[in-house]
């Protein structure tokens with residue numbers, strides 16, 4: 001078996017375990033997950049802050065790899081958890097970005113995926129409403145909701161990422177959805193799609 005084929009077939013946990021004796025192997029974990037982590041952090045903080053947060057996420061993961069639970073084959077909850085903790089240091093930045101998005105409706109991450117002018121107008125209106133509702137959420141509720149909606153994690157994975165019980169995740173997301181419905185004038189936030197490539201909030 002070649003080194004390339006072995007790397008592509010290894011579970012994240014096996015890769016992390018190997019990186020403890022072959023540190024260079026950790027680069028494959030970065031290659032696998034950095035693009036998704038970058039999109040998630042950029043959506044929350046914007047491109048300027050995201051670059052530093054993503055770099056620190058993987059540096060922290062590398063330093064903590066000896067403590068990784070290799071019984072968990074998928075490292076995504078671990079990586080998203082580290083990123084979310086770092087995002088927590090930038091709560092004001094996130095809220096300012098959401099308020100700016102509420103005013104303008106322009107999202108630099110998702111805008112390039114919307115081509116037709118009528119889609120852009122509709123998407124901007126929805127993004128403004130969603131941004132206002134997200135900005136009004138408590139940080140812990142926003143974390144849980146966006147790990148599921150934007151990070152693509154399951155409730156169980158979100159619980160792992162946040163270091164809480166799955167019941168806590170369910171409660172936070174339920175409360176977040178209820179609050180967002182109120183902020184959106186009764187609209188169901190799970191049915192709103194800001195762009196064709198973006199997950200519905202809470203979906």
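Points to keep in mind about this one:
- Unmet criterion (only one of (1) farther than 20 Å from residue 88 by Cβ; (2) at pLDDT 85 or above; (3) in a loop (DSSP other than H, G, I, E, B)) for residue 196: (2)
- Qualifying residue in the stretch 82-91 (condition: in contact (Cβ under 8 Å) with a residue 60 or more places away in the chain and either assigned to a helix (DSSP H, G or I) or over 22 Å from the mean Cα position of the chain (by Cα) (or both)): yes
- Within the stretch 1-17, being at pLDDT 95 or above, assigned to a helix (DSSP H, G or I) and surrounded by fewer than 18 Cβ atoms within 10 Å (Cβ to Cβ) holds for 13, 14, 17.
- Screening 145, 130, 137, 101 for residues that are assigned to a loop (DSSP other than H, G, I, E, B) and either buried (at least 18 other Cβ atoms within 10 Å of the Cβ) or modelled with pLDDT of 85 or more (or both) leaves exactly one candidate, 137.
- Top-ranked residue of the stretch 170-189 - restricted to ones that are surrounded by 14 or more Cβ atoms within 10 Å (Cβ to Cβ) and outside any helix (DSSP H, G or I), ranked as modelled with the lowest pLDDT: 187
- Out of 26, 62, 58, sole residue that is touching a residue at least 24 places away in the same chain (Cβ under 8 Å) and surrounded by fewer than 17 Cβ atoms within 10 Å (Cβ to Cβ): 62
The values are calculated or read from the model by the stated rules, or taken from the named source; none is laboratory data. These numbers were taken from a predicted model, which means no experiment stands behind them. We place every Cβ from the backbone using ideal geometry, glycine too, and count neighbours over all the protein chains shown.
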